[in-house]
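Here is the structure we will look at.
The values are calculated or read from the model by the stated rules, or taken from the named source; none is laboratory data. What you see is a predicted model, and the numbers here were worked out from it, not measured in a lab. When we count neighbours, we look across all protein chains shown, and the Cβ atoms used for this are built from the backbone with ideal geometry, even at glycine. SASA here: full protein model, heavy atoms, side chains in, ligands and nucleic acids out. Shrake-Rupley method; radii C 1.70, N 1.55, O 1.52, S 1.80 Å.
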Amino acid sequence: MGFILAAAGSAVGLGNIWRFPYEVGLGGGAAFLMMYLIFCFVLCLPVMVTEIAIGRKTQKNAAGAFVELGFKRWKILGLFGILCGVIILSFYNVIAGWAFGYFFEMVGGNFSIAENFGEYISDITKVGLYGIIFMIATALVVSRGVSGGIEKLSKILMPTLIIMILALVAYSFTLPNAMEGVKFYLVPDLSALNSSTIGGALRQAFFSLSLGMGALITYGSYLSKNENVITSAVQITLMDVGIAFIAGLMIFPLVSFNNGGDMSMVAADQAGPGLIFITLPGVFETIGSWGSFVGAFFFLLLSFAALTSTVSLLEVPVSYVIDEFKVKRRKAVIIMSIIIFVIGIPSLLSGGYSQFFSSGFKLPGLKDPDFITFFSGVADSFLLLGGFLIVTFGAYVWKKENLNEELANGYPGFKNSLVRKLFNFAITIVCPIMLAFLFVVVVLNNFFGISIL
Ligand code: PHE
């Protein structure tokens with residue numbers, strides 16, 4: 001149970017509630033959603049199973065795991081993953097700070113923050129302070145070891161968040177023009193598919209499932225040998241995808257309501273990363289006297305979901321530093337949090353405070369030339385490459401027979417099952433080919449503006 005909660009806590013976060021809806025918006029709606037679902041189950045699930053199996057087999061950190069299996073050179077893959085975790089946490093912490101700050105804004109009944117979102121994120125004292133608070137909170141949790149109180153807390157808070165989103169879905173459906181939003185979200189327009197939307201869907205899938213950087217190698221070591229790795233991975237994926245899906249079901253009717261049935265604004269740059277921050281406050285306002293309470297509670301739960309993800313992001317480099325350099329956990333946590341916070345400073349400045357970091361990254365493929373968009377593009381590319389290398393490693397270097405043997409622990413019928421055949425087909429053929437190809441598609445599209453699909 002501890003493993004599922006920790007892994008689901010890592011997966012469910014800002015990726016589901018903040019990033020997923022705006023990516024769907026930019027990606028043209030339902031067609032993006034369709035690709036996302038296919039990628040999660042066909043390409044990502046096998047990567048997840050492989051990561052967890054490596055972690056459980058070796059009981060090591062993301063880099064040490066490869067050495068433990070006897071492949072010293074592959075340690076570099078783990079190191080890249082760790083670097084990737086550092087990069088992601090550096091900007092993720094900034095966005096988590098935005099969400100946490102919204103808690104206070106909602107407590108104060110400041111619904112007009114939606115119109116002043118641009119000002120809010122460029123207010124460096126505010127977002128800087130929230131960023132520091134969030135990093136300290138993450139550090140405190142990680143320094144006590146991951147399996148402590150946070151799991152107990154997430155057992156209560158995760159279902160609460162789900163119930164709250166479902167309640168907001170129900171409410172949003174009663175608002176005028178809601179159906180235009182639902183249509184945008186659920187009726188696919190296949191002409192929206194191109195390099196950018198297909199690549200975007202795969203990037204979103206990897207990011208949201210915390211894949212490709214060894215987070216699940218690290219967490220895999222918590223999984224007991226009696227548990228079924230495949231069922232666990234399916235559960236995590238279903239939970240993560242399910243929460244993202246209902247977040248979309250909540251947002252799009254609200255967008256449509258706010259814009260009088262016009263869904264063109266979500267596809268415009270105007271929406272992007274600000275989408276939930278711009279859409280939600282106005283809706284909380286319509287709730288009336290309870291609006292401030294509901295809004296505050298929502299952003300508090302969102303901050304908590306973000307915290308269980310930042311904890312997993314920090315745990316990856318920390319467990320590496322503890323194992324490799326034999327330092328105490330506390331010291332490793334302090335050093336890594338400071339380094340990561342410093343690396344996050346350009347992201348803090350990219351909300352408008354610094355002209356250069358807010359609009360200086362004019363690469364041909366980037367929709368927004370700010371530093372966070374650039375950095376998250378770099379991180380996502382690493383995740384895809386990491387995912388490709390991890391399955392390839394599992395299938396051909398460590399060898400699928402050894403991987404299969406690990407998967408049979410906790411799954412007695414695995415050997416003769418159809419699941420085994422499908423899994424092996426996925427890791428030897430489908431995933432390596434498709435991930436390598438889509439990695440090239442994403443890099444060309446994102447950094448060079450070249451679309452081959
Ligand atoms: N999956 C997390 C989210 O959706 C983000 C994350 C990415 C966490 C990679 C760990 C590793 O918010």
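Put simply, of PHE257, PHE284 the only residue that is farther than 30 Å from ILE390 by Cβ, open to solvent by 30 Å² or more (accessible area, probe 1.4 Å) and at pLDDT 90 or above is PHE257.
Scanning segment 19-32 for residues that are open to solvent by 10 Å² or more (accessible area, probe 1.4 Å) and assigned to a helix (DSSP H, G or I), we see that the one that is nearest to the ligand (Cβ to nearest atom) is GLU23. Within segment 239-257, the set of residues being under 14 Å from the mean Cα position of the chain (by Cα), among the small types (Gly, Ala, Ser) and closer than 19 Å to PHE277 by Cβ comprises ALA244, ALA247.
Within segment 351-386, the only residue that satisfies the criterion of being without any contact (Cβ under 8 Å) to a residue 60 or more places away in the chain, buried (at least 22 other Cβ atoms within 10 Å of the Cβ) and in a loop (DSSP other than H, G, I, E, B) is ASP370. Only one entry in ILE82, ILE87 is open to solvent by 10 Å² or more (accessible area, probe 1.4 Å), modelled with pLDDT of 95 or more, closer than 21 Å to TYR222 by Cβ and within 16 Å of the ligand (Cβ to nearest atom), namely ILE82.
In segment 302-324, the residue that is nearest to the ligand (Cβ to nearest atom) out of those that are open to solvent by 10 Å² or more (accessible area, probe 1.4 Å) and touching a Leu at 6+ places or on another chain (Cβ under 7 Å) is LEU313. A count restricted to segment 193-218 and to residues that are touching a Cys at 6+ places or on another chain (Cβ under 8 Å) and more than 9 Å from the ligand (Cβ to nearest atom) stands at 1.
Here is a yes/no grid of residues against (1) over 27 Å from THR373 (Cβ atoms); (2) in contact with a helix residue (DSSP H, G or I) (Cβ under 7 Å, 6 or more places away or on another chain); (3) crowded, with 19+ Cβ neighbours inside 10 Å; (4) of a type outside the set (Phe, Trp, Tyr):
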residue	(1), (2), (3), (4)
GLY108	yes, no, no, yes
ASN116	no, no, no, yes
GLU151	yes, yes, no, yes
LEU161	no, yes, yes, yes
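Before we move on, is ALA114 at pLDDT below 95, among the aliphatic types (A, V, I, L, M) and more than 16 Å from the ligand (Cβ to nearest atom)? So ALA114 fits the description; yes.
Yes or no: VAL67 more than 16 Å from the ligand (Cβ to nearest atom) and buried (at least 23 other Cβ atoms within 10 Å of the Cβ)? Criteria not met by VAL67.
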